1. Take B:PRO75 and tell me if it is modelled with pLDDT of 85 or more and at the interface with chain A (Cβ under 9 Å from one of its Cβ atoms).
2. Those residues that are free of Cβ contacts under 8 Å to residues at least 40 places away in the same chain and either part of a loop (DSSP other than H, G, I, E, B) or outside the structural domain of A:ASP404 (by TED's automatic domain parsing) (or both), I need them from the stretch A:373-388; list them, please.
3. Take the stretch B:168-190 and flag every residue that is more than 14 Å from B:TYR83 (Cβ to Cβ) and part of a strand (DSSP E or B).
4. Determine, yes or no, whether B:PRO50 is away from every other protein chain (no Cβ under 11 Å) and modelled with pLDDT under 85.
5. Test each condition in (1) within 24 Å of A:LEU99 (Cβ to Cβ); (2) free of Cβ contacts under 8 Å to residues at least 40 places away in the same chain for A:PHE205 and report the one that comes out false.
6. Could you check the stretch A:119-149 and list, in sequence order, the residues that are away from chain B (no Cβ under 14 Å), part of a loop (DSSP other than H, G, I, E, B) and under 15 Å from A:ALA54 (Cα atoms)?
7. Quickly run through the stretch A:459-510 and pick out the residues that are part of a helix (DSSP H, G or I) and at pLDDT below 85.
8. Here are some residues: A:THR89, A:THR70, A:THR104. Which one is within 14 Å of chain B (Cβ to nearest Cβ) and polar (S, T, N, Q)?
Amino acid sequence: MSDYDSPPPEVIPRRLRPSLIWLVPAAAALTGLFLLHQLWASSGPEVSITFQTASGLQAGKTEVKYKDVTVGLVKSIVLSPDSQRVLVTVSLMKNAENLAKADTRFWVVRPRVGIGGISGIDTLLSGAYISLDTGTSKQSGTTFTGLESPPTLINGMPGKQFEVVADDLGSLDIGSAVYYRRIPVGRVSSYALRPDGKGVSVNIFIDAPYDRFVTPSTRFWNASGVDLSLNSDGLQLKTQTMASVIAGGIAFANPPDSVNAPSSADHSVFRLADDQPSAMAPQDGTPQILQLRFQQSLRGMQTGAPVEFSSVKLGKVTAIDLDFEPSGSRFISVVTLEVYPNRLGRVLEKLPKPEKDGEKQAAVFLRDLVQHGLRAQARTGNLLTGQLYISLDFIPNAAPVAFDLSARPLRIPTLNGGFDHLQEQVATLIGKVSKMPIESIGNNLNATLGNLNQTLIQVNGQVLPQTIQTLRQLDQTMNGAQRLLVADSPLLQTLAEFQRTLYSLRTLTGLLTRQPQALLTGRLNDPKEKP
Amino acid sequence: MDAENRKGEARMTPAGQALSLGLVRCHVCGLACEHVGGVHALPCPRCHAPLHTRLPDSLTQTWALLLTGLLLYLPANLLPVMYNSFAGRGSESTILGGIAVFWASGSYGIAIVIFTASVLVPCAKFGILGGLLIATKRRDVSGRVRRSRLFRLTEHIGYWSMLDVMVVALIAALVQFPGFSTAEPRIGIVFFGAVVMFTLLAAMKFDPRLLWENNKHE
């Protein structure tokens with residue numbers, strides 16, 4: 001074994017080699033550290049978003065995009081602790097960490113087909129992704145509630161937001177277009193019930209540069225649906241674009257007298273009218289509330305029915321209630337009206353100007369009118385449907401009525417009238433008609449007709465043949481008579497003879513008259529008697 | 001010495017090491033040359049390759065390369081190795097993630113093959129080479145035959161670790177239907193390839209003859 005010990009050849013020359021070869025693992029370690037640093041540097045904050053449903057979302061695959069740039073990835077999808085919602089954990093990239101503001105909004109982009117159009121078609125193949133719109137808040141957030149539908153308004157879009165207040169939403173929806181001269185210039189971004197529950201406030205966004213057309217005097221109206229009207233001009237059909245008819249929309253315009261008005265400020269509030277005419281109509285001013293008490297039934301009266309005064313549509317019915325009057329054990333229809341005095345137009349200038357105590361003054365003025373015969377009537381506006389309207393008119397010879405100045409709302413005395421009177425008369429007429437013994441008349445008439453029929457049969461069967469026979473005999477007789485009367489008939493000869501005899505007889509009687517003695521003496525020569 | 005070692009000794013040249021006979025074997029052409037001695041020995045008279053009695057600096061280099069492989073094995077597993085998109089929906093997958101997907105989808109065979117090639121084999125190599133290095137350093141004489149077999153096994157199975165790289169390369173080349181379905185390699189596969197390469201290099205740098213050196217310094 002001592003042979004192995006002799007030369008130790010390769011033990012000596014180890015000086016630089018080890019350090020060189022260790023460069024390789026050092027480089028590997030550096031690479032690893034570099035990658036680690038990269039990973040750490042590129043990973044931003046983790047945020048959690050809750051959604052109603054995780055439809056289309058996949059952990060580890062679904063991306064988060066901002067302006068179509070991928071800024072994060074869904075890490076996990078779990079149910080919320082109460083199993084009501086879906087908790088989506090998203091890891092944002094480092095460069096996107098300042099996107100997660102406290103008011104940043106997240107929503108899932110899926111293919112959506114609506115009346116207004118189709119969106120998210122690119123996700124049909126690529127699958128859904130989460131889109132975000134960064135907020136304006138200074139604070140950053142980590143937990144968010146995802147929107148169920150994409151917001152119509154993305155921060156940073158040029159334009160202005162306005163609030164439009166309406167009685168109801170109608171067919172408007174988020175995304176419904178806003179039209180200016182039938183050009184779509186904006187859309188409904190959100191809507192909410194007003195805090196008091198009376199009405200809806202709709203937020204609309206008008207894109208630049210059209211937002212400058214919205215001035216303080218701009219009128220907004222609901223452009224949804226079809227406006228079909230029949231009047232003395234004929235049938236009129238007014239619509240905005242077909243899209244707005246189907247999907248709903250808002251239109252706005254400026255009154256012609258408001259040129260060069262300054263643009264409205266952001267978040268200005270406007271009123272949404274039902275249609276264009278009412279939007280463009282002059283402002284109604286404050287309404288005067290009136291109350292009417294009708295003894296009659298008001299079938300056909302509806303809230304919203306017009307109130308007319310001398311053919312001017314002055315207001316509308318706002319409520320119809322029943323009231324009980326214990327004195328007569330009667331139910332009374334109580335109709336509440338809203339009357340806009342401003343609609344009287346120029347007449348208003350001739351009326352006394354309102355002063356401090358407008359209520360009192362109006363009551364006094366109304367009392368004068370009532371004393372001069374102002375009465376309210378429920379009249380039939382449409383004979384077919386029986387719809388009623390309230391007519392305020394001066395009735396000549398109206399029975400005087402006490403007017404209560406202190407009643408609020410003011411009461412106008414009513415007359416049962418109009419169509420009701422006619423109705424009563426018609427009813428009386430019908431009652432009389434129904435009292436007539438039509439049945440017995442009919443029976444008698446029927447018996448008479450039977451007798452007549454029998455008589456006629458008799459006439460046909462017996463009288464007529466006899467008559468014909470008689471006529472024939474008459475004919476024969478006439479023929480016989482005719483034969484007797486021909487020119488040389490013995491009868492005529494006899495008659496001529498008779499005539500001559502008569503002449504002779506007359507001559508004789510004449511002779512006898514003049515010379516009665518001639519019968520005895522014979523004829524004397526008389527010079528006059530020369531034949 | 002136990003029985004196994006005696007058997008091993010019996011198979012080897014009874015004369016022990018070639019150096020004791022003044023011979024050195026050329027690493028390249030295998031010619032047994034006369035050992036002239038000195039630090040810079042004469043080259044092989046047949047193929048002119050440098051002659052060493054042992055691979056120079058074998059243990060250190062093996063250690064370094066093995067460590068490199070081990071370091072690179074981490075990103076190889078942590079980073080995605082492949083990106084594939086189908087019908088617009090893309091995803092990146094790591095080696096272990098891919099195995100899990102295959103296993104979960106019921107493709108147990110493929111999962112096992114990939115697991116063997118990409119996890120079992122590299123880990124086995126790390127373990128075996130590390131064990132051999134430690135044993136050689138300690139000049140542990142027991143179980144030298146078993147260690148020799150393990151080393152041969154390591155050299156043999158080393159190439160199969162490239163299976164993963166091949167799979168990724170094949171898929172990336174074959175699945176190219178732009179807009180519909182694509183597959184692209186990701187940085188992880190580079191690290192994995194480097195791991196395989198460095199373990200192969202480490203196995204190459206390890207001189208198995210060191211296994212048989214006796215505790216001559218003692």
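The values are calculated or read from the model by the stated rules, or taken from the named source; none is laboratory data. These numbers come from a predicted model, not from an experiment. Please note: Cβ atoms are built from the backbone with ideal geometry, for glycine as well, and neighbour counts cover all protein chains shown.
1. yes
2. A:GLY373, A:LEU383, A:LEU384, listed by residue number.
3. Selection gives B:PHE177 alone.
4. In short, yes.
5. (2)
6. A:GLY146, A:GLU148, A:SER149
7. A:ARG483, A:LEU484, A:PRO490, A:LEU491, A:LEU492
8. A:THR70
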